[in-house]
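Working notes, beginning with the structure itself.
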Amino acid sequence: MIKKFVIYGLLGFCGEVLWTGIGSLVKGDVKLTGWTYIWMFFIYGLAVFLEPIHDRTRHLSFFIRGGIYMVLIFMTEFITGSILLKVLGVCPWNYAGKPLSPYGLITFTYAPVWFVAGLIFEKIHDTLTQLQLANMDNI
């Protein structure tokens, strides 16, 4: 579980840097400046807890699975943002002023992003499971 936590944390970390880098290009930054926050490693690592949900919902349509992941990701973002705000006095991300942004902790405009991210997570989970099974055959 710890190895997968680290893998999900690093993949999320890299994905966020790529996402913000592309966003900076859209805003005219040809340097493709991308960034994230150290806290995000731990938050993305929590994706390991989506694995049992993926296993239980595998039989459902991708629309339903994507919707489930989207809701769970929003909940995680809201809860972890609230915790960071309470503990640190600041949340590293701030959607205040964006449309559909409760308390500035989430923005529902990211719904398609989290929908797709959840479905990508399934592929990563399946790949990690296959790699794990392949390694067990060599023992």
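The values are calculated or read from the model by the stated rules, or taken from the named source; none is laboratory data. Since we're looking at a predicted model, the values are computed, not measured. Note: ideal-geometry Cβ built from the backbone for every residue, glycine included; neighbour counts use all protein chains shown.
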Being within 14 Å of the chain's Cα centre (by Cα) and either surrounded by 13 or more Cβ atoms within 10 Å (Cβ to Cβ) or among the aromatic types (Phe, Trp, Tyr) (or both): is that true of THR129 here? no
Considering only helices (runs of 4 or more DSSP H) fully contained in the stretch 1-112, which possess at least 1 residues that are within 23 Å of LEU128 (Cβ to Cβ) and among the acidic types (Asp, Glu)? 2-26, 51-57, 62-88
Selection count where residues are free of Cβ contacts under 8 Å to residues at least 40 places away in the same chain, within 17 Å of ALA117 (Cα to Cα) and among the hydrophobic types (A, V, I, L, M, F, W, C), scope the stretch 1-18: 5
Cβ pairs under 8 Å, 6+ apart or interchain, first in the stretch 82-109 and within 14 Å of TYR37 (Cβ to Cβ) and at pLDDT 95 or above, second of a type in the set (Val, Ile, Thr) and assigned to a helix (DSSP H, G or I), ordered by first then second residue, are none
Over the stretch 59-74, the set of residues more than 11 Å from the chain's Cα centre (by Cα) and at pLDDT 95 or above is HIS59, LEU60, SER61, PHE63, ILE64, ARG65, GLY66, GLY67, ILE68, VAL71
Suppose the filter is of a type outside the set (S, T, N, Q) and free of Cβ contacts under 8 Å to residues at least 12 places away in the same chain; does VAL26 pass it? yes
Is there a residue being under 14 Å from ALA117 (Cβ atoms) and among the polar types (S, T, N, Q) anywhere in the stretch 68-78? yes
Filter pass, LEU119 being within 25 Å of MET1 (Cβ to Cβ), surrounded by 11 or more Cβ atoms within 10 Å (Cβ to Cβ) and within 16 Å of the chain's Cα centre (by Cα): yes
